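A.B. asks: Next up is a structure, given as structure tokens.
The values are calculated or read from the model by the stated rules, or taken from the named source; none is laboratory data. Because the structure is a prediction, the values reported are computed rather than measured. Don't worry about glycine lacking a Cβ; one is built from the backbone with ideal geometry, like all the others, and counts go over all protein chains shown.
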Amino acid sequence: MTATSPSSHTGAPGRGAAALRRLLDLLAADAPAQDLAEAAARARADWADAAEAAWMEETVRAALAVRRELDQHRRREAELAALFDTAGDLAALRDLDAVLRAIVRRARTLLGADVAYLTLNDPAAQDTFMRVTDGSVSAAFQQLRLGMGEGLGGLVAQTARPYATTDYPSDQRFRHTSDIDGGVAEEGLRSILGVPLRPGKEVIGVLFAANRAPREFTPDAIALLTSLADHAAVAIDSARLLEETRSTLARLEAANETARAHSTALHRASDAHDRLTQLVLRGSGIDDVAAEIAALLGGGLAVHDTDGSELARVHTRPVTPSAQGLSAARADGRAVFADGVWTCAILAGAEFLGSIVLTGRADLSDADRRLFERAVLVTALLLLLRRSVTEAEDRVRGELLDDLLTGPASSARWDGGSLSLRARRLGVNLAEPHAIAVLDCEPPHRPRLSAETARTARGLGALAGTRGGRAVILAPCDRPGTLARTLAQDLSRILGSPVTVGAAGPAHGPDQLPALHAEALRCLDALSALGRSGDGADIADLGFLGVLLGDRADVTAYVERVLGPVLAYDAKRGTELIRTLGAYYDHGASFSRAKDALHVHVNTVVQRLDRVAQLLGPDWNTPARALETHLALRLHRLTRSGPAGRGAVRRP
């Protein structure tokens, strides 16, 4: 219907135009519809004419229609702007939570809702949980979890369809639960609209707009919220893909870094292996290999033999392998950190060859640990090569010793000159003084005693072998008793079991060696018979037994060893202590009979024997010493009465 100007009727010509101008000004000023209605009411009150009033009503309706159209355009413009901004947020996606908060905030603003919120599905728990809220005041509501099909949100998540209610508490279309109803009641919500978040065919969550008063959600509102939900779904899916991409890139980078590190470690290990192998092939010793390993690992190094004795040490104080660490290292063949050091067993298959201790590297990396273990393998190779060479040398030395001790009496082909030449080739000069020692221990330890004797011989520049089940050593030495005691002490400690050593010598040339060997054997047997297991001695150390057992007994030396202080005293002062001592023993250790034989007072005998005690020691008259002293006196008397010694005794 076309409005007719009031000027065509009886009203004042300018009154209608003024009213129309007033309505247009209100529209231009974006005045609310209430202001338009109030202007129309005032015009009707001023105009009594019915036609004018009808015209005014029609004009107001037209103005309100224009106003609604403008409001719709503005709302649509705001919605488009919001969607455009959301698309921009997605294009510059950096923080998923920030994007989701912006979407929820825009949903609340555009729909004029009291609360907007977004939930996401949890496939593992088979439910949906609150992710982002805007306008919420209830903590219980913000922590809600909805099972699939529970409440409005659970139904949307389950069916992938939008749902709306004007009064949720009384709406029976939804499955109510005490948790959900409690959270909704605490938040005070009545009307709720929920739309699915669906980046593809799968629903991943729900976007909501809700009011605390009943409300009918128009199709436009549902469409707007659905558009925002689509953007939210895209944001979530993009963030997921971006996170997966970042994670994949991180894994690839880590894999590349691992590959680079592994390649570097392999190259370093290969280079170290080549350098160590070259050292072994060039004939370098264990000291050179230890120094190279220490340089490679940047620490101190100590190499030990099977018994823990040190073979080499570089840049570290003396250190012994940890018993716990060595046991673990032998069990799994790996380097073990214990007691502040790294210990690795040197193994050739199941055979234990020794150990290596690395100090100063508590932070040994996996690559360095593998390098350490590879270096130990090269060390094992070196020790095996050394052992093979040593065994060959020991075999040659043992064969030479066996030929030397056989003697001309047992072999017509025995040639001392040829044997001396063979000895010189092995670094042994038989023209120098040499002593022979025969060693024995409990039968279970004899194989190890032979091995340890051979090793000791190498250190002494001596020959070693085995004859009659007993170890024999021929060493450059002019004091066989000292050699025997040293060998007994050292080898008893190494074996942990008594080692008895009988020695003889010195000899000058190969011809004397068979007899020396027989004498050393007799000395060893005498030590065993005397119960001196674990002791070492030569014939001279056995006293009068040595005189009886020795083929080359030095009587003068024996007499000097037993009676030397008394003989020297007599010679210096012209006394008769030896004569008095002889008379005392010849007359049954009787002071009275001795004084009669000497034609002196008994006190003189006592005083002379007190002097003897001072010279020979307080135990001079014990049974064992008395027997030896009496024998020495007899031998002294014999040597003095012989052609060379007759008349040599001083008379009182």
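A.B. asks: Can you tell which of LEU371, LEU364, LEU326 is buried (at least 17 other Cβ atoms within 10 Å of the Cβ), under 19 Å from the mean Cα position of the chain (by Cα) and assigned to a loop (DSSP other than H, G, I, E, B)?
C.D. replies: LEU364
A.B. asks: Hey, among SER178, SER170, which residue is surrounded by fewer than 22 Cβ atoms within 10 Å (Cβ to Cβ), among the polar types (S, T, N, Q) and under 59 Å from the mean Cα position of the chain (by Cα)?
C.D. replies: Step by step, each of SER178, SER170 is checked, and only SER178 is surrounded by fewer than 22 Cβ atoms within 10 Å (Cβ to Cβ), among the polar types (S, T, N, Q) and under 59 Å from the mean Cα position of the chain (by Cα).
A.B. asks: So which of ALA78, ALA124 is surrounded by fewer than 16 Cβ atoms within 10 Å (Cβ to Cβ) and at pLDDT 80 or above? Working first, answer last.
C.D. replies: Numbers: ALA78 fails: at pLDDT 80 or above.
Result: ALA124 is the single residue among ALA78, ALA124 that is surrounded by fewer than 16 Cβ atoms within 10 Å (Cβ to Cβ) and at pLDDT 80 or above.
A.B. asks: Right, something else. Test of understanding: among ALA164, ALA160, ALA185, ALA139, which residue is surrounded by fewer than 20 Cβ atoms within 10 Å (Cβ to Cβ) and either β-branched (Val, Ile, Thr) or closer than 16 Å to ALA229 by Cα (or both)? If you could, list the steps in order and put the result at the bottom.
C.D. replies: On the way: ALA164 fails: surrounded by fewer than 20 Cβ atoms within 10 Å (Cβ to Cβ); ALA185 fails: either β-branched (Val, Ile, Thr) or closer than 16 Å to ALA229 by Cα (or both); ALA139 fails: either β-branched (Val, Ile, Thr) or closer than 16 Å to ALA229 by Cα (or both).
Being surrounded by fewer than 20 Cβ atoms within 10 Å (Cβ to Cβ) and either β-branched (Val, Ile, Thr) or closer than 16 Å to ALA229 by Cα (or both) holds for just one of ALA164, ALA160, ALA185, ALA139, which is ALA160.
A.B. asks: I would also like to ask the following. Only one residue in CYS441, CYS523 is farther than 21 Å from GLU399 by Cα, in contact with a strand residue (DSSP E or B) (Cβ under 8 Å, 6 or more places away or on another chain) and at pLDDT below 90, so which one is that?
C.D. replies: Testing whether each residue is farther than 21 Å from GLU399 by Cα, in contact with a strand residue (DSSP E or B) (Cβ under 8 Å, 6 or more places away or on another chain) and at pLDDT below 90 leaves just CYS523.
A.B. asks: Another question about this same structure. Could you go through segment 592-608 and let me know if any residue there is modelled with pLDDT of 85 or more and touching a strand residue (DSSP E or B) at 6+ places or on another chain (Cβ under 9 Å).
C.D. replies: No.
A.B. asks: Could you check segment 421-430 and list, in sequence order, the residues that are more than 17 Å from PRO514 (Cβ to Cβ), touching a residue at least 24 places away in the same chain (Cβ under 8 Å) and of a type in the set (A, V, I, L, M, F, W, C)?
C.D. replies: Hit for segment 421-430 is LEU426, nothing else.
A.B. asks: Please go through segment 188-232 and pick out each residue that is under 12 Å from VAL156 (Cβ atoms) and assigned to a strand (DSSP E or B).
C.D. replies: ILE192, LEU193, GLY194, VAL195, PRO196, LEU197, GLY205, VAL206, LEU207, PHE208
A.B. asks: Going through SER270, SER191 one at a time, which residue ends up being in the same structural domain as ALA102 (by TED's automatic domain parsing) and polar (S, T, N, Q)? Before the answer, list the steps.
C.D. replies: Values: SER270 fails: in the same structural domain as ALA102 (by TED's automatic domain parsing).
The unique qualifying residue is SER191.
A.B. asks: Separate question: Hey, can you tell me all the residues within segment 450-482 that are among the polar types (S, T, N, Q) and either touching a residue at least 60 places away in the same chain (Cβ under 8 Å) or at positive phi (or both)? Walk me through how you get there before you give the answer.
C.D. replies: Of the residues in segment 450-482, the ones among the polar types (S, T, N, Q) are 450, 453, 456, 466, 482.
Listed by number, the list holds a single entry, THR466.
A.B. asks: Next up: Could you list all residues from segment 310-323 that are over 16 Å from PHE337 (Cα atoms) and outside any strand (DSSP E or B)?
C.D. replies: Of everything in segment 310-323, those that are over 16 Å from PHE337 (Cα atoms) and outside any strand (DSSP E or B) turn out to be HIS315, THR316, ARG317, PRO318.
The rows are residues; the columns are (1) under 36 Å from the mean Cα position of the chain (by Cα); (2) under 30 Å from LEU347 (Cα atoms); (3) in a helix (DSSP H, G or I); (4) not assigned by TED's automatic domain parsing to the domain that holds PRO510.
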position	(1), (2), (3), (4)
ALA375	yes, yes, yes, yes
VAL378	yes, yes, yes, yes
GLY417	no, no, yes, no
VAL428	no, no, no, no
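A.B. asks: Just one of HIS508, HIS517 is more than 21 Å from ALA392 (Cβ to Cβ) and surrounded by 16 or more Cβ atoms within 10 Å (Cβ to Cβ); which is it? Step through it out loud before you land on a result.
C.D. replies: Values: HIS508 fails: surrounded by 16 or more Cβ atoms within 10 Å (Cβ to Cβ).
The conditions single out HIS517.
A.B. asks: Do you know which of the residues in segment 620-652 that are in a helix (DSSP H, G or I) and over 15 Å from VAL559 (Cα atoms) is modelled with the highest pLDDT? I'd like the intermediate steps shown before the answer.
C.D. replies: Here is the first cut: in segment 620-652, the residues in a helix (DSSP H, G or I) are 623-641.
In the following step, the residues that additionally are over 15 Å from VAL559 (Cα atoms) were identified as 623-624.
Details: PRO623: 80, ALA624: 72.
The qualifying residue modelled with the highest pLDDT is PRO623.
A.B. asks: May I pose another question? Taking segment 224-256, which residues are acidic (Asp, Glu) and either assigned by TED's automatic domain parsing to the domain that holds PRO196 or modelled with pLDDT under 85 (or both)?
C.D. replies: Within segment 224-256, ASP230, ASP237, GLU243, GLU244 meet the criteria.
A.B. asks: Just to be sure before I move on: is ASP366 over 25 Å from ARG282 (Cβ atoms), touching a Leu at 6+ places or on another chain (Cβ under 8 Å) and of a type in the set (D, E, K, R) in the structure I sent? Break it down stepwise before answering.
C.D. replies: Details: over 25 Å from ARG282 (Cβ atoms): yes; touching a Leu at 6+ places or on another chain (Cβ under 8 Å): no; of a type in the set (D, E, K, R): yes.
For ASP366, the condition - over 25 Å from ARG282 (Cβ atoms), touching a Leu at 6+ places or on another chain (Cβ under 8 Å) and of a type in the set (D, E, K, R) - is not met.
A.B. asks: Out of segment 279-309, which residues are assigned to a helix (DSSP H, G or I) and at pLDDT 80 or above?
C.D. replies: Selection gives ILE286, ASP287, ASP288, VAL289, ALA290, ALA291, GLU292, ILE293, ALA294, ALA295, LEU296, LEU297.
Conditions tested, residue by residue: (1) of a type in the set (A, V, I, L, M); (2) assigned to a helix (DSSP H, G or I); (3) touching a His at 6+ places or on another chain (Cβ under 8 Å).
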{"site": "PRO514", "(1), (2), (3)": "no, yes, no"}
{"site": "GLU519", "(1), (2), (3)": "no, yes, no"}
{"site": "ARG522", "(1), (2), (3)": "no, yes, no"}
{"site": "LEU527", "(1), (2), (3)": "yes, yes, no"}
{"site": "GLY531", "(1), (2), (3)": "no, no, no"}
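A.B. asks: For residues in segment 609-638 being closer than 19 Å to ALA568 by Cα and touching a Lys or Arg at 6+ places or on another chain (Cβ under 9 Å), which is surrounded by the fewest Cβ atoms within 10 Å (Cβ to Cβ)?
C.D. replies: Checked segment 609-638; the qualifying residue surrounded by the fewest Cβ atoms within 10 Å (Cβ to Cβ) is GLY617.
A.B. asks: Within segment 229-246, is even one residue basic (Lys, Arg) and in contact (Cβ under 8 Å) with a residue 24 or more places away in the chain? Before you say what the answer is, go through the steps one by one.
C.D. replies: Within segment 229-246, the first condition is being basic (Lys, Arg), and the residues that meet it are 240, 246.
After this cut, where a residue has to be in contact (Cβ under 8 Å) with a residue 24 or more places away in the chain as well, the list is none.
There is no residue in segment 229-246 that is basic (Lys, Arg) and in contact (Cβ under 8 Å) with a residue 24 or more places away in the chain.
A.B. asks: State yes or no: is THR264 in contact (Cβ under 8 Å) with a residue 24 or more places away in the chain and either within 44 Å of the chain's Cα centre (by Cα) or loosely packed, with under 13 Cβ neighbours inside 10 Å (or both)?
C.D. replies: On the way: in contact (Cβ under 8 Å) with a residue 24 or more places away in the chain: yes; either within 44 Å of the chain's Cα centre (by Cα) or loosely packed, with under 13 Cβ neighbours inside 10 Å (or both): yes.
Yes.
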